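S.K.: Below is the structure I would like to discuss, written out as structure tokens.
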Amino acid sequence: VQLQASGGGLVQPGGSLRLRCVASGSIFSINVMGWYRRAPGKLRELVATITSGGGTRYADSVKGRFTISRDNAKNTGYLQMNSLKPEDTAVYYCNADVIGIVPGNYWGQGTLVTVSS
């Protein structure tokens, strides 16, 4: 199983980005998908998670600005990020609990988001 994250880049404060995470391989289903981030000099932190049924959870710092979603048929997750702030600058990682031939918890390679004027 591989997770491929994309969509990062440089954006001005107040701008938007949409991250995508595609899971591929021998996958029967995915339970929870999530996004985490690691800012320079800080520990990795949870950004948002979404269950297979659509239940969501967000870090307080992104509530009202970020929206997590997924397409179960495509094994793909998304993170819509609006009203971005410089403190959102980080490498963003996707994560998935996979049910498949080799079940387990998997991480993507990370995509860099830089919020700067």
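The values are calculated or read from the model by the stated rules, or taken from the named source; none is laboratory data. If you're wondering where the values come from, they're calculated on a predicted model, not measured in any experiment. Note that we place each Cβ from the backbone using ideal geometry, even for glycine, and neighbour counts take in every protein chain shown. Only protein heavy atoms, including side chains, enter the accessible area calculation; ligands, DNA and RNA are left aside. Shrake-Rupley method; radii C 1.70, N 1.55, O 1.52, S 1.80 Å.
S.K.: Check the straight Cα-Cα distances from K42 and name the aspartates and glutamates below 16 Å, setting aside those fewer than 8 residues away within the same chain.
M.R.: E87, D88
S.K.: Of the heavy-atom accessible surface of the chain (probe 1.4 angstrom), what whole percent is carbon and sulfur?
M.R.: With neighbouring chains kept in place, the figure for the chain is 50 percent.
S.K.: Excluding L43 itself, what net charge comes from residues whose Cβ is under 15 Å from its Cβ, given Lys and Arg +1 and Asp and Glu -1?
M.R.: +2
S.K.: Can you sort R44, R57 by 1.4 Å-probe accessible area, starting with the largest?
M.R.: Details: R44 105, R57 135 Å².
Final ranking, largest accessible area leading: R57, R44.
S.K.: Once the other residues with Cβ under 12 Å from the Cβ of Y78 are scored (Lys, Arg +1; Asp, Glu -1), what is the net sum?
M.R.: On the way: positive: R18, R20, R70, K74; negative: D71.
After counting each charged neighbour, the total is +3.
S.K.: May I pose another question? How would L112, L46, L79 rank on accessible area, largest to smallest, probe 1.4 Å?
M.R.: Details: L112 100, L46 40, L79 0 Å².
Order by accessible area, largest first: L112, L46, L79.
S.K.: Something else now. Run the dipole for the chain about the Cα centre, Lys and Arg Cβ at +1, Asp and Glu Cβ at -1, nothing else charged, and hand back the magnitude in debye, nearest 20. Each step should come with its number before you reach the end.
M.R.: Values: 12 positive and 6 negative charges, 24 e Å.
Computed charge dipole of the chain: roughly 120 debye.
S.K.: Give me the 1.4 Å probe accessible area per residue for the chain, excluding ligands and nucleic acids, in Å². Walk me through the numbers on the way to the answer.
M.R.: Working: 6110 Å² over 117 residues.
On a per-residue basis, 52 Å².
S.K.: On to the next question. Where Lys and Arg each count +1 and Asp and Glu each count -1, what net charge lies around Y93 among other residues with Cβ under 11 Å from its Cβ?
M.R.: Working: positive: R37, R38, R44; negative: E45.
In short, +2.
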